[in-house]
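**Student:** Starting off with a structure, shown below.
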Amino acid sequence: MTAAQTHEHETAHAAGPRSGDAAGAVLTIDLGAIAANWRTLADLAGPAECAAVVKANAYGLGVEYVAPALWAEGARTFFVAHLQEAQKLRRLLPQANIYALNGLLPGMAPAFAADMLRPVLGSLPEITEWGTHCRSVGEDLPAAVHVDTGMHRLGLSLHEAAEIASTRHELGFTPSLVMSHLACADTPDHPLTARQQARFADIARLFDGVPASLANSAGTLMGADYHFNLVRPGILLYGGGAIEGRPALRPAVRLAARIIQTCHASAGETVGYGAMERLERDSRLAVVHIGYADGFLRAAGSTDVRKGAEAIVAGQRCPLVGRISMDLATLDITDLPENTLERGMEAEFLGAGISVDELATKAGTIGYEVLTSLGPRYERHYLAP
Ligand SMILES: *Cc1c(COP(=O)(O)O)cnc(C)c1O
């Protein structure tokens, strides 16, 4: 963290003086990159509206910073998962359209209405409950209707959706959005994707006059047939990839941990808990201030049979060696020129040189899990847009 970046953070958010030295690892979140990624997608999706999905604390990056940055860039419609997330977002964005994707649990309608929050209604009982609430207060309150076009998670069946469409003037409210969700859009040419698009187009026609939305990030990249009236990107905003083999947009996070000590170990010795990785040559090792308690996934560690994640130290890639422990991880720095490395130097695990998706692949998971696992122990710095 340079002094200039720290200063930007302080002026942007009045967080007061902070020192990157006290924390083991520093997570730098580039709000300008997130805003630019939203702009890229908004331009791509136009004339459809580009919403922003900020569930799970804006994919782990801090909704209290990310949502206002997106609003300032022009986003007006936001999606979260839970009522609690929606309530928090309402305090941040008094004017936004806020949808809660997971819908309505029994008795929650008054809480949604009190904060002008919009449930995404995915079953007949939810639709009935929202309609009953609207009638009881005498107001037509907006809510989305979610239709299952083949994912079999949330949503009305096609049959139920057709019935709701034909009786929609008796529901007690006017749907403000009809939506569905793609199950396989991250896999190019998966046959389910086109089938879902065709089914959704039929449903959207039945809800004539109601804005329609199908596309997540991957769908947003798939062209106008998938855009309908509103797109709902998440992962692409945050620097993750959406479709296998297609590049991500601008990286939005940098994760760097400090080197605590270096040491030598001989060929044949093992490193870390469980002695899972044996050194094939005399090696230099660097122990860094990051572990699974930070949310740095233990599955990204290295063994003799499965190599782990890498970090960039002094401009060069260095592999992890051995297991990741709770608070520490070890890098093989043998290939760095002697004397390039000082105690306290940074090892970069995510950033311009190492993408969220690369780390995810090394940990056997997806970029979404890498981001949403980023824990509270990292010192967080926000770069103002
Ligand atoms: C999470 C989510 C999105 C955003 O998905 P990305 O793949 O992150 O773009 C969109 N729609 C729904 C229903 C979701 O649950």
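**Student:** Return the residues of the range 73-129 that are among the hydrophobic types (A, V, I, L, M, F, W, C), under 27 Å from T167 (Cα atoms) and assigned to a loop (DSSP other than H, G, I, E, B); say none if nothing qualifies.
**Tutor:** Answer for the range 73-129, where residues must be among the hydrophobic types (A, V, I, L, M, F, W, C), under 27 Å from T167 (Cα atoms) and assigned to a loop (DSSP other than H, G, I, E, B): L101, L104, L105, M108, M116, L117.
**Student:** Another question, then. List the residue pairs whose Cβ atoms are under 9 Å apart, where the first residue sits in the range 167-183 and is more than 19 Å from N229 (Cα to Cα), the second is open to solvent by 30 Å² or more (accessible area, probe 1.4 Å) and within 11 Å of the ligand (Cβ to nearest atom), and the two are 6 or more positions apart or on different chains.
**Tutor:** A183/M151; A183/R153
**Student:** Just need a number here: residues in the range 337-384 that are basic (K, R) and in a loop (DSSP other than H, G, I, E, B).
**Tutor:** Start the filter on the range 337-384 by keeping residues that are basic (K, R), which leaves 343, 362, 377, 380.
Imposing the further condition that a residue be in a loop (DSSP other than H, G, I, E, B) reduces the set to 343, 377.
Counting residues in the range 337-384 that are basic (K, R) and in a loop (DSSP other than H, G, I, E, B) gives 2.
**Student:** Something else now. Just to be sure before I move on: is F200 of a type in the set (A, V, I, L, M, F, W, C), open to solvent by less than 20 Å² (accessible area, probe 1.4 Å) and either away from the ligand (no atom under 16 Å from the Cβ) or out of contact with any strand residue (DSSP E or B) (no Cβ under 8 Å at 6 or more places or on another chain) (or both) in the structure I sent?
**Tutor:** Taking the combined requirement at face value, the residue does not satisfy it.
**Student:** Oh, and also: Find the residue count for the range 140-167, including only residues that are out of contact with any Leu (no Cβ under 9 Å at 6 or more places or on another chain) and assigned to a helix (DSSP H, G or I).
**Tutor:** Number of matching residues: 2.
**Student:** Moving on. Out of all the residues in the range 33-62, which are part of a helix (DSSP H, G or I) and open to solvent by 10 Å² or more (accessible area, probe 1.4 Å)? Steps first, answer last, please.
**Tutor:** First, the residues of the range 33-62 that are part of a helix (DSSP H, G or I): 33-45, 55-59.
Of everything in the range 33-62, those that are part of a helix (DSSP H, G or I) and open to solvent by 10 Å² or more (accessible area, probe 1.4 Å) turn out to be A36, W38, R39, T40, A42, D43, L44, K55, A56, N57, Y59.
**Student:** What pairs can you find where one residue is in the range 269-282 and within 18 Å of D327 (Cα to Cα), the other is among the basic types (K, R) and surrounded by 18 or more Cβ atoms within 10 Å (Cβ to Cβ), and their Cβ atoms are less than 8 Å apart, with a gap of 6+ or different chains?
**Tutor:** G272/R323; Y273/R323; G274/R323; M276/R323
Residue-by-condition table, conditions (1) surrounded by fewer than 18 Cβ atoms within 10 Å (Cβ to Cβ); (2) within 16 Å of the ligand (Cβ to nearest atom):
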| residue | (1), (2) |
| --- | --- |
| A96 | no, no |
| Y99 | no, yes |
| G107 | yes, no |
| P110 | yes, no |
| A114 | yes, no |
| V120 | no, yes |
| T128 | yes, no |
| H133 | no, no |
| V137 | yes, no |
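**Student:** Of the residues A215, A224, A267, which is open to solvent by less than 40 Å² (accessible area, probe 1.4 Å) and modelled with pLDDT of 95 or more?
**Tutor:** Working: A224 fails: open to solvent by less than 40 Å² (accessible area, probe 1.4 Å); A267 fails: open to solvent by less than 40 Å² (accessible area, probe 1.4 Å).
Matching residue, one of A215, A224, A267: A215.
**Student:** Can you give me the number of residues within the range 222-235 that are within 10 Å of the ligand (Cβ to nearest atom) and more than 14 Å from T77 (Cβ to Cβ)?
**Tutor:** 1
The values are calculated or read from the model by the stated rules, or taken from the named source; none is laboratory data. Predicted model, so just to flag it, every value in this text is computed and none were measured. Note: ideal-geometry Cβ built from the backbone for every residue, glycine included; neighbour counts use all protein chains shown. The protein model used for the area step is the full one, side chains on, heavy atoms only, and it has no ligands, DNA or RNA in it. Shrake-Rupley method; radii C 1.70, N 1.55, O 1.52, S 1.80 Å.
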